[in-house]
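Some notes on the structure that comes next.
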Amino acid sequence: MAPGNDSLKNALSRATEIRVSVTGRKSGRLISNPVWFAVDQDKLYLLPVKGSDTQWYKNVLKKPSIQVKAGGTEAELNVTPVTDAKPVASVVEKFKEKYGTGDVKKYYSKLDVAVVAPLR
């Protein structure tokens with residue numbers, strides 16, 4: 001397990017929103033966004049609000065790593081984009097369980113991709 005991931009897991013267990021920073025694919029600058037997330041087993045799941053049209057998701061396609069900040073804990077994680085319908089639907093269900101179906105439908109306009117990062 002990478003250093004700090006135990007404390008990250010603890011911080012994630014108490015958070016409803018985290019900050020995710022990605023490297024801009026054109027600017028090269030670090031860009032930070034507040035995002036919702038789900039954790040299952042030793043994996044962090046992210047669902048871009050505009051699906052494959054979400055800017056931070058497009059940045060992850062070019063450089064598949066993110067910086068996560070939850071509470072006062074920060075970590076850099078390697079991520080894998082998820083594009084197959086069945087695994088994406090599984091992530092959507094995790095979000096519905098955590099945040100409620102109504103809010104997921106309200107805030108997420110396109111549910112065609114997800115991102116997963118191992119927490120160990």
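Compute, for Asp40, the solvent-accessible surface of its heavy atoms (probe 1.4 Å) with the complete set of protein chains present, and express it in square angstrom to the nearest 10.
Around 60 Å² of this residue is reachable by solvent.
List the relative contact order of the chain as a percent without decimals, with contacts defined as Cα pairs under 8 Å and 6+ residues apart. The partial results should precede the final answer.
On the way: 221 pairs, mean separation 38.7, N = 120.
Taking the mean separation of contacting Cα pairs over the length of the chain, I get 32 percent.
Give me the extension gain from Gln55 to Asn10: residue separation times 0.36 nm, minus the current Cα-Cα distance, reported in nm with one decimal. Working shown, then result.
On the way: separation 45, 0.36 × 45 = 16.20 nm, distance 2.82 nm.
Between Gln55 and Asn10, full extension yields an extra 13.4 nm.
At q = 0.12, 0.23 Å⁻¹, what is the base-10 log of I(q)/I(0) for segment 25-93 according to the Debye formula with one equal point scatterer per Cα and no solvent? Please give it to two decimals.
One equal scatterer on each Cα of segment 25-93 leads to -0.32, -1.24.
Could you pull out every one of the aspartates and glutamates with an alpha carbon less than 20 Å from that of Lys50, ignoring same-chain neighbours closer than 8 positions?
Result set, ordered by chain and number: Glu17, Asp84, Glu93, Glu97, Asp103, Asp112.
Taking the solvent-accessible surface of protein heavy atoms with a 1.4 Å probe, what is the per residue accessible area of the chain in Å²? Walk me through the numbers on the way to the answer.
On the way: 6730 Å² over 120 residues.
I get 56 Å² per residue for this part.
Projecting each Cα onto the charge dipole of the chain (Lys/Arg +1, Asp/Glu -1 at the beta carbon, about the Cα centre), which of Ser27, Tyr99, Val113 comes out farthest on the positive side?
Sorting the options by dipole projection puts first Ser27.
Please report, in whole Å, how far the alpha carbons of the chain spread along each principal axis, starting with the longest.
The Cα atoms of the chain stretch 34, 34, 22 Å along the principal axes, largest first.
Can you tell me the length gained on complete extension of the stretch Lys43 to Arg19, counting 0.36 nm per residue apart and subtracting the Cα distance?
Details: separation 24, 0.36 × 24 = 8.64 nm, distance 1.65 nm.
That works out to 7.0 nm of additional length.
Could I have the simple spin-label model distance between Tyr107 and Ala89, label points 7 Å from Cα toward Cβ, reported in nm to one decimal?
2.4
At what distance in nm do the modelled label points of Asn33 and Lys62 sit from each other, each positioned 7 Å from its Cα along Cα→Cβ?
So the two model labels end up 1.4 nm from each other.
The values are calculated or read from the model by the stated rules, or taken from the named source; none is laboratory data. Please read these numbers as outputs of a predicted model, since none were measured by experiment. Please note: Cβ atoms are built from the backbone with ideal geometry, for glycine as well, and neighbour counts cover all protein chains shown. To get the accessible areas, we keep the full protein, side chains included, count just its heavy atoms, and leave off ligands, DNA and RNA. Shrake-Rupley method; radii C 1.70, N 1.55, O 1.52, S 1.80 Å.
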